[in-house]
Amino acid sequence: MEWDKSASSLLEKVPPFVQKTVREKVETLARERGKTMITEAEVMAARESFMSRQQNTTPTQGIAAAHKPTDNKKLAILKKYPKYFNKDGNPVLYQINSCRGAEVHCPFLITDSHVLADAIRNRLEKLKFTEKLINKIEGQILPHHTMKLAVSGCPNSCSMPQIKDFGAHAIEPVCVDPESECIECMKCVETCREDAITVKDRQVSIDMEKCVHCGLCAKVCPSGSIKSGMKKYRVMIGGKVGRHPKFAVEILPQADETMTLKALDVCVDIIVSSKTERRFRTLIEQQGIEEIKKRI
């Protein structure tokens, strides 16, 4: 989301160590109000909203109004971390990170990551994920019980979907068009970071084992020898950090938004229906990735 000069000036006055949090709060409020540009008015509105909540209610009061005493006890540890609660003080047992490619006009951007991130957020709310997870877990809820998700607008994956429970990055599948004659400008070869393209005798070939479908070669091709298809998402599940970190496993190599959300539905069901409180990666390994693919 873009910030105009006056809004950016106000953000610069905020201490550096909280600028990221302030930016996220302002942009969240602006999106809720249907704004596409951050101006001084949005910054001040966010400030007034924050000050109003501070004066009228404490975080624990907000939570107490929305949950039973037993729930409050379950949430005692999470209360130390504001990110697990929304602006009304209600718990949100998932975190969605999205890249800022659209806001900073990233040259690698394929699609705005906030679009899918918002769709995922709406789906989790519709599925009542937080409520179901609270009911499932016995005893206090810890940070590692919550679901971590990330969406990136290109294969560079700045939001790190490869180490989240559920992650997706945009792709732009490419192919060689035999009807378009290559002029051997070599722009595609120079642009490809994966060394996946070769040009010989005006014939283009792409090594799909190396290609990450960033779409850059199609953008620079002046003859149309390389074309890009519909923008999709590569979906991964089961990434985690910790003592034994593991990268997420690819579950859908090329998916549209509908299929991505279907995969999310399956993952949520695995988490909330499991009789144990194990990490999501462990649940995946118990069920088997192929069985999960069949469900999707």
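The residues listed here are Thr258, Thr282; of these, the one that is without any contact (Cβ under 8 Å) to a residue 24 or more places away in the chain, of a type outside the set (Gly, Ala, Ser) and farther than 12 Å from Asp165 by Cα is Thr258.
Does Ala218 satisfy being over 25 Å from Ile120 (Cα atoms), among the aliphatic types (A, V, I, L, M) and surrounded by 15 or more Cβ atoms within 10 Å (Cβ to Cβ)?
Details: over 25 Å from Ile120 (Cα atoms): yes; among the aliphatic types (A, V, I, L, M): yes; surrounded by 15 or more Cβ atoms within 10 Å (Cβ to Cβ): yes.
Yes: the conditions hold for Ala218.
Number of residues in the stretch 109-142 that are within 28 Å of Ile77 (Cβ to Cβ), outside any loop (DSSP other than H, G, I, E, B) and open to solvent by 60 Å² or more (accessible area, probe 1.4 Å): the value is 8. Among helices (runs of 4 or more DSSP H) entirely within the stretch 1-108, having at least 2 residues that are hydroxyl-bearing (Ser, Thr, Tyr) and at pLDDT 80 or above singles out 5-12. Screening the candidates Ala7, Ala41 for the property of being more than 19 Å from Lys83 (Cβ to Cβ) and open to solvent by 50 Å² or more (accessible area, probe 1.4 Å) yields one hit, Ala41. Pairing residues of the stretch 84-98 that are closer than 23 Å to Gly239 by Cβ and open to solvent by 40 Å² or more (accessible area, probe 1.4 Å) with residues that are assigned to a strand (DSSP E or B) and not basic (Lys, Arg), at Cβ distances under 6 Å and at least 6 apart in sequence or on separate chains, gives Asn97/Ala150. Do we find a residue being within 12 Å of the chain's Cα centre (by Cα) and in a helix (DSSP H, G or I) anywhere in the stretch 145-152? No, the stretch 145-152 contains no residue that is within 12 Å of the chain's Cα centre (by Cα) and in a helix (DSSP H, G or I). How many residues are in a loop (DSSP other than H, G, I, E, B) and closer than 14 Å to Lys219 by Cα if we restrict to the stretch 178-192? Summing the residues that are in a loop (DSSP other than H, G, I, E, B) and closer than 14 Å to Lys219 by Cα in the stretch 178-192 gives 3.
Is one or more of the residues making up the stretch 159-176 free of Cβ contacts under 8 Å to residues at least 24 places away in the same chain and more than 14 Å from the chain's Cα centre (by Cα)?
Step one: filter the stretch 159-176 for residues free of Cβ contacts under 8 Å to residues at least 24 places away in the same chain, giving none.
Scanning the stretch 159-176 turns up no residue that is free of Cβ contacts under 8 Å to residues at least 24 places away in the same chain and more than 14 Å from the chain's Cα centre (by Cα).
The values are calculated or read from the model by the stated rules, or taken from the named source; none is laboratory data. The structure displayed is predicted, hence computed values, not measured ones. Don't worry about glycine lacking a Cβ; one is built from the backbone with ideal geometry, like all the others, and counts go over all protein chains shown. In case anyone asks, the SASA skips ligands and DNA or RNA and just uses the protein heavy atoms, side chains included. Shrake-Rupley method; radii C 1.70, N 1.55, O 1.52, S 1.80 Å.
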